[in-house]
Amino acid sequence: MDRQGLEFARRTSQDAALQAGFFQTIATKQNEQIRTSINKGVSDLKRGWEKSVATASGVNAPIALFDAWTRYVRDASQRAALTLDVFRRTSDAHAAHLRAGSPPVLAYEYDLVQDGADLPRPCNYILLKIKPRDGAAIDDAKRPYVIIDPRAGHGAGIGGFKPDSQIGVALAKGHPVYFVGFRPEPEEGQTLADVCDAEAAFVAEVERRHPDSKKPVVVGNCQAGWATAVMAATHPEFTGPIVLNGAPMSYWAGNIGRYPMRYSAGVFGGVPLTLMASDLGGGVFDGASLVLNFEQLNPSRNWFGKYYDLFRDIDQDGAAQRFIDFERWWGAYYMMTDAEIRWIVEQLFIGNYLGKNQAQLDPGVPIDLKKIRSPVICFASDGDNITPPAQALNWILDTYRDEHDVVAHRQRIFYMLHDRVGHLGIFVSSSVAKKEHKGMASVLETIETAPPGLYEIRMESEETEAGDPVADAFVISIAPRTFEDLAKVTGDRREEAAFAGVARASEAGAEAYESTMRPFVKAATPTILADAMREASPMRLKKYAFASTTPIGMLAKATAPQAAAKREPVDEDNIFLHAERMWADAVVRWWDLARDVKEAATEAAFFSIWSTPWALAYGAPKARARHHRVRGRLEDMPEVRDALARREEGGVAAAVARLGVAFARSRGSVQLGEVERIAAAVRTMAPFEGLTDDDRRAIVDRQRLIVQFAPDKGLDALPALIKTDADRTAAETVLKFIFQVDEDDVPDDLRSAWEAVSKHLDGLKKRTPAGGKSKTAAE
């Protein structure tokens, strides 16, 4: 056998071993998940049974048992009537919402600022200005917030669905808040490039309205997160810091045995089915299909749990209204053009081009994420089964070589992790709003003063002297991270090669469909038929089923007042109430089990098809593209060479920034209070006062490059920057203020770092001529 044959045999053997490893991991993790579901279900049933038996032991006569049954039937009947009436009100609210044009479901009033339909490249997006509640004071000189909601099948408003929300946090701090929403129907021929231009125009308009403030913070939720990143990469001049909340940026990423949504394209066909769905919709893709995909990820909750919870808690204040409000958002399905959904599926879901930094917004218009000049914060949760941490963060690993490359491009990237909140909880959970979003808002006020690099934002509960957590009080720290640290968070990526074959097959399938079936499908689906099929969707029919004009709605409207007037809740220790709840728990657990079995089968099917040696060879050209890197040394980049060449320039300001970066680097993390003092120091204290924000940022960026790529040379050059006792005293004063250091009482966590800084300052003192002249920052 020749060398080529031996290489083929070796590679085939490796691929077969890799596939066997995948199946072993799947079997281990999925069996564990299924076993956990079964054990939890059995445990819940056992606990419910024991509780029911204990309750039944107190019923010592048939007449008492009959009385308990009578009371339960009356209670359950009344709850059923009241629940049915909530369904009726939900259907009526849905119909009214549609008649009103499906406006954003915000908990705040707002004014329309700009309409995307009026732009040169029209689209269905709109810019709203949020009105604060209760006459709260808003300072127009503060940095404005622009919150962009996801367009993923649902309507707009999730970013301000509750008073305790992203909008509420920003308003509470006195910031002007703007909201980017959208109308249900896209403009004819609308593309994602049109949407991107509209979002950039909206941000520019906000900046124009607030000339005395810093550039706006742009917050992108879920799908709007990658849209925000695309906008910041293609229009870097407009935005301030950007926040990507639960934003899927790297669609091939995940962990084997978890997060099954990424396997759908490989099992069900990818782009061709999407194109056919759009053609059957008359050139419009129905958002109800996306919502159905989300519901299938948690059927126990979406198809049973939320309805039973309403039935169980119908007497609780606000339970009915919360259900109605949520369903008004969840059930308002929004459309996309076929061009939009195709771009999303090809460039993101299947091709993963954005995560690999190879996407194109328009033909010939590349999206280079390295061109983002704004600080980036990525917020992800391990409990999110739609956008797990790997999907939210792996774009960093694929876009840059390493953390030094991040520094060389003068980028500031931060990530923050939650251990359990689900996907929707990232946007609507009150606890997340009060902690994580509040913490991010605090960080955003000072984040641009941080040196370039990769960081993790950590939030830990503040404790009393007795060790008890203080309510709503947290200590926020910012710790430098390496790519090795980040890879530990996102996990092993060996299985991603299998997705490359799916991407290549999907592109081939799309070409085949377009050249064969597509003209016939379009010709056979006139607009009137497409509209009829869309309205007949089960996802829509269930929204209309209980309306007041239907027989069941009329019955609910007639019986609910009587049930409410005669309401007699059953006692909590009623044996039949326990039986009901035991039954509900069993339904939930078995739905979870069915989901786990389905996910295991889907994952196994995916890898049985796409991780074979032949499939991996087929997808190899796509897989290799992920490892593309720019050749050459980072030290030879113009920005780095310029910084190193100017290491003796900048005067005391450069010296203070350089020592501060070295201090923070040796210490390992910086507390939020220190970051805030850095921001205050560079604005108000000598030698920074009088400088513009751009000048200050340029000084900090240059010193970060010097410390990163030539730390010894940078520190050796300090005598050229600090030339007098006054210079040294000024530098020492600023550093002591920032890090709150007292020479007589240095905290333990600062001691070693401060001793290193003091050593340099003392050395300068010995070499500094009294009365000598020093260069200013401007010089």
- May I ask you to list the residues in segment 615-633 that are modelled with pLDDT of 50 or more, surrounded by fewer than 11 Cβ atoms within 10 Å (Cβ to Cβ) and either under 13 Å from ALA500 (Cβ atoms) or touching a strand residue (DSSP E or B) at 6+ places or on another chain (Cβ under 6 Å) (or both)? none
- Query: What about ALA332, is it of a type in the set (A, V, I, L, M), assigned to a loop (DSSP other than H, G, I, E, B) and more than 20 Å from the chain's Cα centre (by Cα)?
  - Reply: yes
- Message: Being at pLDDT 90 or above, among the small types (Gly, Ala, Ser) and not in a helix (DSSP H, G or I): is that true of ALA380 here?
- Response: yes
- Message: Quick check on segment 288-302. Is at least one of its residues within 22 Å of the chain's Cα centre (by Cα) and among the hydroxyl-bearing types (Ser, Thr, Tyr)?
- Response: yes
- Test for LEU417: is it part of a strand (DSSP E or B), among the aliphatic types (A, V, I, L, M) and open to solvent by 40 Å² or more (accessible area, probe 1.4 Å): yes
- Task: Quick one: in segment 422-438, of everything that is free of Cβ contacts under 8 Å to residues at least 60 places away in the same chain and open to solvent by less than 20 Å² (accessible area, probe 1.4 Å), which residue is nearest to PRO388 (Cα to Cα)?
- Result: GLY425
- Query: Among the residues of segment 365-372, is any under 20 Å from the mean Cα position of the chain (by Cα), without any contact (Cβ under 8 Å) to a residue 24 or more places away in the chain and crowded, with 19+ Cβ neighbours inside 10 Å?
  - Reply: no
- Restricting attention to segment 648-673, the residues that are open to solvent by 10 Å² or more (accessible area, probe 1.4 Å) and at pLDDT below 85 number exactly 13
- Note on the structure: The correct count of residues that are farther than 20 Å from ARG412 by Cα and of a type outside the set (S, T, N, Q) in segment 682-731 is 25
- Out of the residues in segment 513-536 that are under 35 Å from the mean Cα position of the chain (by Cα) and under 25 Å from GLY266 (Cα atoms), state the one that is most open to solvent (accessible area, probe 1.4 Å). GLU514
- Item | Failed item in (1) open to solvent by 10 Å² or more (accessible area, probe 1.4 Å); (2) part of a loop (DSSP other than H, G, I, E, B); (3) at pLDDT 90 or above, with PHE323 passing the rest | (2)
- Subset of segment 277-309, residues among the charged types (D, E, K, R) and open to solvent by 50 Å² or more (accessible area, probe 1.4 Å), comes to ARG301
- Item | Scan of segment 565-588 for residues that are of a type outside the set (Phe, Trp, Tyr), over 42 Å from the mean Cα position of the chain (by Cα) and open to solvent by less than 70 Å² (accessible area, probe 1.4 Å), ordered by number | ARG567, VAL570, ASN574, ILE575
- Task: Determine whether ASP115 is among the acidic types (Asp, Glu) and more than 30 Å from VAL146 (Cα to Cα).
- Result: no
- Message: Taking the conditions exactly as written (open to solvent by 10 Å² or more (accessible area, probe 1.4 Å), of a type outside the set (Gly, Ala, Ser) and modelled with pLDDT of 95 or more), does GLU199 satisfy them or not?
- Response: no
- Item | Members of segment 118-162 that are open to solvent by 40 Å² or more (accessible area, probe 1.4 Å), in contact (Cβ under 8 Å) with a residue 24 or more places away in the chain and not in a loop (DSSP other than H, G, I, E, B) | LYS129, ARG133
- Query: In segment 82-111, which residues are in contact with a strand residue (DSSP E or B) (Cβ under 6 Å, 6 or more places away or on another chain), closer than 30 Å to GLU535 by Cβ and free of Cβ contacts under 8 Å to residues at least 24 places away in the same chain?
  - Reply: none
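The values are calculated or read from the model by the stated rules, or taken from the named source; none is laboratory data. The structure displayed is predicted, hence computed values, not measured ones. Reconstructed Cβ throughout: ideal geometry from the backbone, glycine too, with neighbour counts over all protein chains shown. Only protein heavy atoms, including side chains, enter the accessible area calculation; ligands, DNA and RNA are left aside. Shrake-Rupley method; radii C 1.70, N 1.55, O 1.52, S 1.80 Å.
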